[in-house]
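Single-structure report; data block below.
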Amino acid sequence: MQAVEVLKQTVRQEERISGSVGYSTWIFIASVLMAVALIYVWSHIHMTELEYQVAREMNSREQLTEEQAKLKIELATLKSPQRIETIAQEKLQMTYPGREQVILLK
C-alpha cells in the first residue's frame, strides 16, 4: 500500500510540474500571438499612412503640373512679337526705321 501511495504522490508531483510548464507554455504562446498581432496592426497602420502620403504627393504633382502649364502659356504670351511691338510703339515711342536709316553691311 505504501508503494501505491508513493506512486500516487510521484504522479501528483509530475502533474504539478507539467501543469506549471503548461501554464508557462500557454503564456509564451499568448505572448507570441500578441506580438504577431501587434506587428500586423502596426504594418497595416504604416501602410495606410504611406497610402495617404502617396495620395498627397500625387495631388501636389497634379497642382504643379497645372501651374507649369499656366506658366508656359504666360511665357508664350510675354514672348509674343505682337505684344513686344505694341509695347515698343506705345510705351517706348519707337517706330520702324525709314529707308535712309537702314545701313546694309557686307
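Quick note: the coordinates plus some simple rules give every number you see, no bench work behind them. Fair warning: this is a prediction, and the values are worked out from it, not measured in the lab. Here Cβ is always computed from backbone atoms with ideal geometry, including for glycine, and neighbour counts include all displayed protein chains.
Taking the highest mean first, how do the peptides 93-106, 46-59 order by number of other beta carbon atoms within 10 angstrom per residue? Could you put the intermediate results ahead of the total?
Numbers: 93-106: 6.6, 46-59: 10.0.
Packing order, densest peptide first, comes out as 46-59, 93-106.
What the phi angles of the range 65-72 give under the Karplus curve with 6.51, -1.76 and 1.60, with θ = phi - 60°, is a coupling list of 5, 4, 5, 4, 4, 5, 5, 5 Hz, glycine and proline written as x.
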